[in-house]
């Protein structure tokens, strides 16, 4: 069993495609605040900490977190794996949950299911399958597995994308991918582009004050009932940032 896993939220202001997105407002909620409110509904979690960068551009985010009394860690902008490893070392938890700040509608119920799966099988790493909607992404891992990945990962893509080393080297870890019977992979309510922002704004405005507590099923129902909204960002490639990083590996000789 695991006790009180630490939630680390990955966040920065200098996003390439949509700068400042984590501090943008949807339906009266700042993106980072809505995410934190939703995560606090997860059963059996420990502390929530934001892992951001030591760049000046993130001073405004840190000031906001200070005002909200939310702890944060500042580290490397581009070596995100190192940032997570250094952050994890500061806390006594043996297990961490990774969430990215561009997913304000992460579902605590799904996270609870993933945690139960992780606990029951004594795993090193657990994640969701692509048949979950994009915007629900959460991952659970042991700190020891994270530190091993940090020690061994050499490719730039593996340093930028925290858990890519696990997927590239499954022989080194006990890994499970949690699936579901229905495929919702075509739906997208993450925040990478201005089109994503329009979709999230529509969702947030529809649910209003209920945003911290609505389920992903309710969001999917709303999108199915409003295909015109779902179509706004349907052209965006899933995990486009990862695809760019993998391409850059080949360009830079890391592939």
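Rule-based calculations on the coordinates, nothing more; no lab input. Source: prediction; values computed, not measured. In this analysis, Cβ positions are derived from the backbone assuming ideal geometry, glycine residues included, and neighbour counts consider all displayed protein chains.
Legend: calculated FRET efficiency, residue 144 to residue 231, from the Cβ-Cβ distance at R0 = 45 Å, rounded to 0.05, equals 0.55.
When the P(r) is computed for region 120-249, the part past 22 Å accounts for 48% of the Cα-Cα pairs. Across the chain, the fraction of Cα-Cα pairs farther apart than 29 Å, rounded to a whole number, is 26%. Among 67, 77, 195, determine the one that fluctuates most according to a GNM of the chain built with springs between C-alpha atoms less than 10 Å apart. Highest fluctuation among the options: 67. For the Cα trace of region 98-138, dividing Rg by the Kirkwood Rh returns an Rg/Rh value of 0.96.
Calculated [222 nm] ellipticity per residue, helices only, for the chain: -11500 deg cm²/dmol; basis is -39500 (n - 2.57) per DSSP H run with n ≥ 4, divided by all residues, nearest 500. By other beta-carbon atoms within 10 Å, ranking 188, 109, 74 with the fewest at the front produces 109, 74, 188.
According to the square roots a ≥ b ≥ c of the eigenvalues of the Cα gyration tensor, what is the shape class of region 1-58, taking rounded for a/c under 1.5, prolate for a/b larger than b/c otherwise, and oblate for the remainder? Taking the square roots of the gyration eigenvalues as a ≥ b ≥ c, region 1-58 is oblate. Consider all pairwise Cα distances in region 149-197 and report the whole-number % of them above 13 Å. Cα-Cα pairs of region 149-197 separated by over 13 Å account for 69 percent. Take the convex hull of the alpha carbons in region 1-110; its mean projected area over all directions comes to 7.1 nm².
Of the residues 141, 197, 231, the one with the fewest other Cβ atoms within 10 Å heads the list, and the complete ranking is 231, 197, 141.
Against the chain, whose longest principal axis is taken from its Cα atoms, helix 194-207 shows a tilt of about 60°. Does region 125-167 classify as rounded, prolate or oblate by the C-alpha gyration tensor (a ≥ b ≥ c root eigenvalues; a/c under 1.5 gives rounded; else a/b over b/c gives prolate, otherwise oblate)? Judged from the Cα gyration tensor, region 125-167 comes out oblate (a/c at least 1.5, b/c at or above a/b). Each of 4, 105, 73 has some number of other Cβ atoms within 10 Å of its Cβ, and from fewest to most they run 4, 73, 105. Each 10 Å bin from zero holds the following percent of Cα-Cα pairs in region 79-118: 23, 43, 34, 0.
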